[in-house]
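Asks: Quick one: the structure is below, and I'll ask about it shortly.
The values are calculated or read from the model by the stated rules, or taken from the named source; none is laboratory data. As the structure is a computational prediction, the values presented were derived from the model and not from experiment. All Cβ positions, glycine included, derive from the backbone under ideal geometry; neighbour counts span all protein chains shown. The protein model used for the area step is the full one, side chains on, heavy atoms only, and it has no ligands, DNA or RNA in it. Shrake-Rupley method; radii C 1.70, N 1.55, O 1.52, S 1.80 Å.
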Amino acid sequence: MSWIREGELTIIERFCANIIKAGPMPKHVAFIMDGNRRYAQKCHVERQQGHSQGFDKLAQTLRWCLNLGIREVTVYAFSIENFKRSKEEVDGLMDLARQKFSRLLEEQESLKKHGVCIRVLGDLPLLPLDIQELIAQAVLATRNYNKCFLNVCFAYTSRHEISNAVREMAWGVEQGLLEPSDVSESLLDKCLYTNNSPDPDLLIRTSGEVRLSDFLLWQTSHSCLVFQSVLWPEYSFWNLCEAILRFQMNYSALQKARDSYMEERRRQQMERDQAYVTKKLQQEGFASHGDSRRRRTLLQKCTAMREERIQGFLQALEHKRADFFERLCTVSA
């Protein structure tokens with residue numbers, strides 16, 4: 001099964017899609033694809049068959065998203081916690097990953113046609129080396145495509161991602177690229193695996209479970225969360241439409257909360273900058289309020305220097321991450 005199925009929507013699906021697209025549409029949708037094992041049990045087939053059917057459903061869902069104009073999709077493919085499952089099941093999932101990433105490399109023309117950029121997010125060194133190499137080839141082969149984006153969270157948990165982001169910032173301070181005062185929520189955002197993506201507008205979990213299972217905890221604080229009872233391999237276009245309608249019903253409140261949060265974050269950064277300037281003026285012998293012109297000059301200088309340090313750090317971080325994939329491709333060659 002291909003990663004992206006070719007084909008158009010049916011007449012009734014196109015009709016409903018056009019109605020839905022008249023309202024606000026999510027630009028980025030995340031899926032917790034839950035229920036593969038229960039589906040296998042329900043259908044009296046092997047667990048591996050359930051996982052394989054789950055991948056086929058992903059390919060179909062990606063086509064629906066493309067037809068609906070949803071340009072970015074993030075999926076929870078394999079949690080770090082899944083390593084605790086039976087060896088037989090983990091080995092089966094790794095074999096499935098080998099098959100699917102190998103198939104992806106054979107589908108370069110289709111990916112180029114649709115402009116699909118594949119990103120794989122997680123602690124990839126936890127995976128077998130041959131899978132790391134396949135992932136690296138897929139990521140590098142599609143990194144310049146920008147019509148739509150598929151983020152595959154593999155060997156991932158959100159707490160692990162956040163911990164890694166903190167370590168990256170500590171590395172930046174240790175290397176002299178950052179000042180400790182540069183560390184902020186905004187910078188942590190940029191150190192996450194998802195730093196190249198906007199936060200999801202809509203997160204969908206199937207199978208009736210109503211928890212996030214350590215998936216995108218940081219990124220979904222202002223997302224619409226939709227929990228649906230259908231098992232993932234049985235997911236339909238109509239289930240997706242239902243989720244989008246629920247997003248549209250809550251759009252105004254979500255947008256207001258997101259805007260309010262961003263405004264508060266800017267205010268806090270300004271307060272930190274003002275405190276830095278006040279301290280600097282006191283060191284120079286001025287009164288706490290200081291000379292207004294000198295204060296403005298220091299504030300502008302403080303902001304410019306911080307942005308310069310952060311940009312330098314982020315470039316170094318991006319280079320470090322790209323180098324990881326390029327080394328893997330060199331090994332596989």
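Asks: To test your reading of the geometry: what angle, between 0 and 90 degrees and rounded to tens, separates the Cα axis of helix 158-174 from the longest principal axis of the chain?
Replies: That works out to roughly 30 degrees.
Asks: Now for a separate question. Where does the charge balance sit around Asp201 when Lys and Arg score +1, Asp and Glu -1, over other residues with C-beta under 10 Å from its C-beta?
Replies: Within the 10 Å Cβ shell, the charges total 0.
Asks: What's the Cα-based Rg to Rh of the chain, Rh via Kirkwood?
Replies: On the way: Rg = 22.8 Å, Rh = 22.1 Å.
Rg/Rh for the chain comes to 1.03.
Asks: Taking the Cβ of Arg296 as the center, what net charge do the other residues with Cβ under 14 Å away carry, scoring Lys and Arg +1 and Asp and Glu -1?
Replies: Charge balance near Arg296 sits at +3.
Asks: What are the ³J(HN,Hα) couplings of the stretch 292-308, residue after residue, when phi is run through the Karplus curve with 6.51, -1.76, 1.60 and θ = phi - 60°? Round to Hz, x for glycine and proline.
Replies: With the stated coefficients, the stretch 292-308 comes to 4, 5, 5, 4, 4, 4, 5, 5, 5, 5, 4, 5, 5, 5, 4, 5, 5 Hz.
Asks: Any chance you could run the full-extension gain for Asp291 through Asp56? It's 0.36 nm times the residue separation minus the Cα-Cα distance, nm to one decimal.
Replies: Here the segment from Asp291 to Asp56 would lengthen by 78.0 nm.
Asks: Shifting gears a bit: In nm, to one decimal, how far is the Arg159 label point from the Asp214 one, both placed 7 Å along Cα→Cβ?
Replies: 0.6 nm
Asks: Assuming 1.002 mPa s and 20 °C, estimate D for the stretch 218-266 with Stokes-Einstein, Rh taken as the Kirkwood radius over Cα pairs, in µm²/s.
Replies: Answer from the Stokes-Einstein relation: 172 µm²/s.
Asks: Here's a follow-up. Expressed as a whole percentage, what fraction of the accessible surface of the stretch 9-329 belongs to carbon and sulfur atoms when a 1.4 Å probe is rolled over the protein heavy atoms?
Replies: Numbers: 8510 of 16130 Å².
Of all accessible area on the stretch 9-329, carbon and sulfur atoms account for 53 percent.
Asks: Let me ask something else. Using a Förster radius of 45 Å, what is the FRET efficiency between Val45 and Ser184 based on their Cβ-Cβ separation? Nearest 0.05, please.
Replies: Plugging the Cβ-Cβ distance into 1/(1 + (r/R0)^6) gives 0.35.
Asks: Note down the magnitude of the dipole of the chain about its Cα centre, charges +1 on Lys and Arg C-beta and -1 on Asp and Glu C-beta and zero elsewhere, to the nearest 20 debye.
Replies: 780 debye
Asks: In square angstrom, what is the accessible area per residue of the stretch 9-329 with a 1.4 angstrom probe?
Replies: That works out to 50 Å² per residue.
Asks: Note down the magnitude of the dipole of the stretch 1-96 about its Cα centre, charges +1 on Lys and Arg C-beta and -1 on Asp and Glu C-beta and zero elsewhere, to the nearest 20 debye.
Replies: About 300 debye.
Asks: Still on this structure, I have one more. What is the helix-to-structure angle for 251-283, meaning the angle in degrees between its Cα long axis and the longest Cα principal axis of the chain, kept from 0 to 90 and rounded to the nearest 10?
Replies: 30 degrees
Asks: In debye, nearest 20: dipole of the stretch 171-312 around its Cα centre with unit charges on the Cβ of K, R (+) and D, E (-)?
Replies: Magnitude of the dipole: close to 680 debye.
Asks: Can you give the local net charge around His222? Use residues other than it whose beta-carbon is closer than 10 angstrom to its beta-carbon, Lys and Arg +1, Asp and Glu -1. Please report the intermediate quantities before stating the final value.
Replies: Details: positive: Lys256, Arg258; negative: Asp199, Asp201, Asp259.
Local net charge: -1.
Asks: Putting +1 on Lys and Arg Cβ atoms and -1 on Asp and Glu Cβ atoms, find which of Ile19, Phe154, Leu140 reaches farthest to the positive end of the dipole of the chain.
Replies: Value computed over the given set: Ile19.
Asks: Please report, in cubic angstrom per residue, the volume enclosed by the convex hull of the alpha-carbon atoms of the stretch 110-237.
Replies: Taking only Cα atoms, the stretch 110-237 has a hull volume of 153 Å³ per residue.
Asks: According to the Kirkwood expression over distinct Cα-Cα pairs, how big is the hydrodynamic radius of the stretch 165-258, in Å?
Replies: 15.6 Å
Asks: Continuing with the same structure: Placing one identical point scatterer on every Cα of the stretch 1-133 and ignoring solvent, what is log10 I(q)/I(0) from the Debye formula at q = 0.19 Å⁻¹?
Replies: -1.26
Asks: Please compare each pair in Lys42/Lys112; Lys147/Lys320; Lys27/Lys113; Lys147/Lys190; Lys256/Lys320 to a cut-off of 27 Å on the Cα-Cα distance and tell me which ones are over it.
Replies: Lys42/Lys112; Lys256/Lys320, as the Cα separations exceed 27 Å there.
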